[in-house]
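Step one of this worksheet: look at the structure below.
The values are calculated or read from the model by the stated rules, or taken from the named source; none is laboratory data. Predicted model, so just to flag it, every value in this text is computed and none were measured. Please note: Cβ atoms are built from the backbone with ideal geometry, for glycine as well, and neighbour counts cover all protein chains shown.
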Amino acid sequence: MELENEYTNGDCYLKFYIAIPSDSKPSKPENLKVACSSNSHPLLTWNSNDEPDKYGYVIDRAEGSGENLVWENNIATVTTTSFIDYEVSINPVFEDEVSYRISALDTQGKLSIPSSTATIGDAVLHKLPSESNGLYDFVLENAYPNPFNPSTTINYQIPKDGLVTLKVYDILGREVKTLVNEYKTKGRYEVTFDASHLASGLYIYEIKSGEYKASKKMTLVK
């Protein structure tokens, strides 16, 4: 609140400033950490943002550490607060370092400023040929872990913008869960399938985008 003007009789004008949260960028994610996962890949974790219009998080990666890093933007967009980078392997025989940062993304497409940087050593980056020069192929990866209980992670990538659907079916072909059904920009994505309410057995997950269609199997063991 600001005092705009005041008259000798005591009357005055007041200015009010109101911040509208939906018009603001998200706050930057906090407490980004990177460690080696059980299958020897970088595992990123961070605190969840509290904004009501939060959509997810965009992950950037760079080779090396320190200042003046050359960032590869948006290697993945996730809606959870963790991410495993399967393109990087961790082993004491490797000597490289890989750094990460993340930005929060809201439902209006606004990005926060990047988080602080987290770096892991003993790393090597396996660049996929399809991603050279920023290009992608359609890829539906194997769920990990598989078999699983009760949840597993599915990664996929698309080479162009478009409507993407990713659904899970039981062995009889009945749909049990829609994981993705929305317009996506080209890039790499990760989604988590929680099957805590389902019975043990074989399930099929299928992705469709434009003319592309692919499916894979996964096994729930309780």
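For the stretch 2-46, taking the residues that are in contact with a Lys or Arg (Cβ under 6 Å, 6 or more places away or on another chain) and modelled with pLDDT under 60, the one that is nearest to Ala104 (Cα to Cα) is identified as Glu2. Do we find a residue being of a type in the set (A, V, I, L, M, F, W, C), at pLDDT below 90 and surrounded by 14 or more Cβ atoms within 10 Å (Cβ to Cβ) anywhere in the stretch 195-211? No, the stretch 195-211 has no match at all.
The set of residues in the stretch 157-174 being within 12 Å of Val191 (Cα to Cα) and either in a loop (DSSP other than H, G, I, E, B) or at pLDDT below 90 (or both) consists of Gln157 alone. Yes or no: the stretch 193-212 includes at least one residue that is within 22 Å of the chain's Cα centre (by Cα), part of a strand (DSSP E or B), within 26 Å of Gly109 (Cβ to Cβ) and of a type in the set (Lys, Arg). Yes - at least one qualifying residue is present in the stretch 193-212. For the stretch 91-108, the set of residues classified as modelled with pLDDT of 90 or more and closer than 24 Å to Gln157 by Cα consists of Val98, Ser99, Tyr100, Arg101, Ile102, Ser103, Ala104, listed by residue number.
Filtering the stretch 80-91 for residues that are in contact with a helix residue (DSSP H, G or I) (Cβ under 9 Å, 6 or more places away or on another chain), assigned to a strand (DSSP E or B), in the same structural domain as Glu30 (by TED's automatic domain parsing) and of a type in the set (Asp, Glu) leaves an empty set.
Of all the listed residues (Leu111, Leu125, Leu135), the sole one being surrounded by 13 or more Cβ atoms within 10 Å (Cβ to Cβ) and either modelled with pLDDT under 80 or farther than 28 Å from Asp194 by Cβ (or both) is Leu125.
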